[in-house]
Each structure stands twice: as C-alpha cells, then as structure tokens.
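Data block below; observations after.
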Amino acid sequence: MELGLYTFAELTGPAVTPAQRLRDLLEEIQLADELDLDVFGVGEHHRADFAVSAPAVVLAAAAERTRTIKLTSAVSVLSSDDPIRVYQQFATVDLLSGGRAEIMAGRGSFVESFPLFGYDLHDYDRLFDEKLAALLAVRAGEVPGVFPQPEHELPVWIAVGGSPESAVRAGTLGLPMALAIIGGHPERFVPFAEIHRRAAAEAGHERPALSINSHGFIADSSQQAADESFGPVAEMMNRIGRERGWPPLTREQYDEARALRGANFVGSPQEVVEKILFQHELFGHERFLLQLSVGTIPHDQIMHAIELYGTEVAPVVRRELARVSVTV
C-alpha cells in the first residue's frame, strides 16, 4: 500500500504570510520525499485562509526538490477549470519530475471558484461530467494540438466524498477513486468501495485502485498529538462551520473521532499504525493519504509529524502488510 500526505496549505497563524507558508510547504514535501513516503498531494482553494490556488505551480517547484515521491493534486477543481490547461500543467509537472505527476479530479469542498471564473453553481454536476470526459479525451490523444505530452500516461483519480453516484462514475470509467473519510465511522464507507469495484467489473475494467484520504496528526504520545492539534483543528472547523451552519467541535467529539473506529488519525505512531491496518482490513485499499495540516498547526510540529510518519509509521505498516500478503 502506498502511504502519503496531502494538504490544502492552510495559513498556519496570523504571522505566517502566504509566501512563508508556501516555502514551508516545499520543505514539507521535500522531507516526505527524503523519508521515502510514496505520495504528496496539494489541494486547490480560492480563499484567504489557504495559500494554494494553483497546485500545479507548487508541484512543479516541488519536482525540482524531490527524487521519487509522486506529486498529485488533491484536488483539482475540474468543474471550474479548463481540462486542456489542467492536462498541460500536469504534463509539465510530469516532465519536470521524471514521470511522477498525477491528477486527482474533484468538485471541491468549497465553491468560491465557480463565481470567480464565471460559472453557475446550478451547473455543478453537469460541468464536472463534461469536463471529466474532456480531460479523459485529451489523455487518450483524441484532442489534437495539446502539448507538451507527459513521459507516461497521467494517472487520473476521482475524489469522492459521500456520493454513491460518484463511486459508480469512477468505477464505470475504470478510474481509481480517492475516498475522503473525515467524519463518522469508517465502516459506513465500505459500500462505496464495493460500489466502485462492482461498477468497474460490470464495465469490463480490472479492479481500480482505492485511496483512503483522512485527517490526522502524529506526535510522540497520544496525549501530545491530541493537545497540539485540537485547538487549530477546532478553530478552522468552527470557522467553516459558522459559514455552513455546523455546531462547534468539542474536545469530546474530537477524542471520539480519534478512537480506533473513528475517522481521524490523531495519536502516537503506534496508534496510527493500528488504525491504518484496521482500515486496510475493511477496505483493502492500495493507498492511504493523511492530511496533517488541518488548521493553524505550526510548521515545526508538522515537520515532526512527517518525520514520525516516515520513520515510525510507514515502515511498520509496510512490514505488516508484507507479512500478511506472504501468509495469505
């Protein structure tokens, strides 16, 4: 199973400028690469509290600092973008990185890009369907005049939140699916994986890959991980909650979500290992991506969490999964 990270490059405090946050982000990607993590994803937002609106630009900069790590969007908001330009941008990242670029296409958890680029939210679903079809047509070489071309065929993942229809779409097209689990019990998401695989089989495709993408934070101890992350996470979730009508996040809810059957991977390295392996028994997924930087968590704490992920979590997960596969 591939193990990686993703981020939306939240601004990590009132004194941190977008320029500083982007420099910090490049350090985080570089460290993940040095620790032999498999994937790093950068998301797209068009808000004052996030530093990245152009993931391909950040990933192009990261390509020059890294050796082996795969570089993906997480996500590209395809509905409000031009699929030819998205393809060209990631083909460029692919060439700069020696064939390590991927696209994770989704509709996004925020909608600011729609009015910004002149799209009507009433066309939300139609736009995604049409632009995904156009992106796949470009990738298949059906659109002339699109340059540069990547070193290898660009992987296109479909990001899914909680829609069975999205899982069916990804499976029918034979595309890998990134399933976001950021709340509730993981078991209730198992049907989405089954729907995805069944739709692929019915359409005549081989079993497509599945990624589980979740929030979390790692520190030397369970208590430290919870104490360091709760305040920043609550501040961000409550700020967004005021926009969307969510109730405030309580510490009790946060602690419940970091239990084994909760959605969040917040704890010591051993707890995170146990939770990754627990979910792998549920989903049999091929990739796991962890979002460490939820809220205004300081850069040095994020770097330490990445270090623990790469040195204490990833090796154990890989060893255990290899042992299980040999046994089976």
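The values are calculated or read from the model by the stated rules, or taken from the named source; none is laboratory data. Note that the structure is predicted; figures quoted are calculated from it, not measured. Every residue, glycine as well, gets a Cβ built from its backbone with ideal geometry; the counts of neighbours run over all protein chains shown.
For segment 97-112, the tally of residues that are at pLDDT below 95 and farther than 19 Å from A134 by Cα stands at 4.
Could you tell me how many of the residues in segment 53-93 are of a type outside the set (V, I, T) and within 18 Å of the chain's Cα centre (by Cα)? Write out each step before concluding.
Narrowing segment 53-93 to residues of a type outside the set (V, I, T): 53-56, 59-65, 67, 70-71, 73-74, 76, 78-83, 85, 87-91.
Of the ones still in play, those that are also within 18 Å of the chain's Cα centre (by Cα) are 53-56, 59-60, 62-63, 70-71, 73-74, 76, 78-79, 90.
Counting residues in segment 53-93 that are of a type outside the set (V, I, T) and within 18 Å of the chain's Cα centre (by Cα) gives 16.
Checked against (1) under 17 Å from the mean Cα position of the chain (by Cα); (2) surrounded by fewer than 20 Cβ atoms within 10 Å (Cβ to Cβ), E274 passes all but a single condition, namely (1).
Restricting attention to segment 144-160, the residues that are more than 24 Å from G41 (Cα to Cα) and surrounded by 14 or more Cβ atoms within 10 Å (Cβ to Cβ) total 1. Among the residues of segment 114-143, those that are touching a Phe, Trp or Tyr at 6+ places or on another chain (Cβ under 8 Å), crowded, with 17+ Cβ neighbours inside 10 Å and of a type outside the set (F, W, Y) comprise L127, L135, V138, R139.
Filter segment 168-191 down to residues that are surrounded by fewer than 16 Cβ atoms within 10 Å (Cβ to Cβ) and in contact (Cβ under 8 Å) with a residue 40 or more places away in the chain and give me whichever is nearest to W157 (Cα to Cα). So the residue we want is V190. For segment 13-38, the tally of residues that are outside any helix (DSSP H, G or I) and either among the aromatic types (F, W, Y) or buried (at least 21 other Cβ atoms within 10 Å of the Cβ) (or both) stands at 1. The set of residues from segment 236-260 being loosely packed, with under 14 Cβ neighbours inside 10 Å and not in a helix (DSSP H, G or I) comprises G245, W246, P247, P248, T250, L260.
For H304, the stated conditions hold: it is more than 24 Å from A178 (Cβ to Cβ) and either surrounded by fewer than 22 Cβ atoms within 10 Å (Cβ to Cβ) or at pLDDT 95 or above (or both). If the condition is being exposed (fewer than 15 other Cβ atoms within 10 Å of the Cβ), in contact (Cβ under 8 Å) with a residue 60 or more places away in the chain and among the small types (G, A, S), then segment 192-235 contributes only G231. Test G41 against the criterion of being of a type outside the set (S, T, Y) and part of a strand (DSSP E or B), and give yes or no. Considered against the rule, which asks whether it is of a type outside the set (S, T, Y) and part of a strand (DSSP E or B), G41 comes out as yes. Inside segment 294-313, residues that are closer than 16 Å to A226 by Cβ and small (G, A, S) make up a count of 2.
With respect to G174, is the statement that it is assigned to a loop (DSSP other than H, G, I, E, B) and modelled with pLDDT of 95 or more true? Yes.
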